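Engineer: Take this structure first; my questions come after.
The values are calculated or read from the model by the stated rules, or taken from the named source; none is laboratory data. The model shown is predicted, which means the values in this text are computed figures rather than measured ones. The protein model used for the area step is the full one, side chains on, heavy atoms only, and it has no ligands, DNA or RNA in it. Shrake-Rupley method; radii C 1.70, N 1.55, O 1.52, S 1.80 Å.
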Amino acid sequence: MLALLAFLKLAALAAPAAAAQGQGESVRGTLIAQVEGEEEPVPVEGVVLIASQDGDEVGSTTSGSDGTWEIELPGPGQYDVRLEVESLPEGVE
């Protein structure tokens, strides 16, 4: 059975350098799971993540084959990011 280690490993929201390059705000992270009998955690692919602000959805994404994900945000502020449990691979809890 797999256990999800990093539910949302959040990286810093957009840095000043990113804004200077014309990039917007975003939140990103990596999903990994510990596989029984394996020393190193493995990436979790295909998980849906949704960002919202004040109850309104502002963006969503799916984790890639390396477990990474990124959601573009409309601007600075406080956001909630949730993982769609139904999208977790079989055996991951």
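Engineer: Whether any residue in segment 12-19 is open to solvent by 70 Å² or more (accessible area, probe 1.4 Å), modelled with pLDDT under 90 and within 13 Å of the chain's Cα centre (by Cα) is what I want to check. Quick ask: steps written out before the conclusion?
Structural biologist: Within segment 12-19, the subset open to solvent by 70 Å² or more (accessible area, probe 1.4 Å) is 12-13, 16.
Going one step further and asking which of them are modelled with pLDDT under 90, we end up with 12-13, 16.
Now drop any that are not within 13 Å of the chain's Cα centre (by Cα), which leaves 12-13.
The answer is yes; a qualifying residue exists.
Engineer: Among the residues of segment 58-86 satisfying the criterion of being open to solvent by less than 30 Å² (accessible area, probe 1.4 Å) and of a type outside the set (A, V, I, L, M), which is nearest to Val42 (Cα to Cα)?
Structural biologist: Gly67
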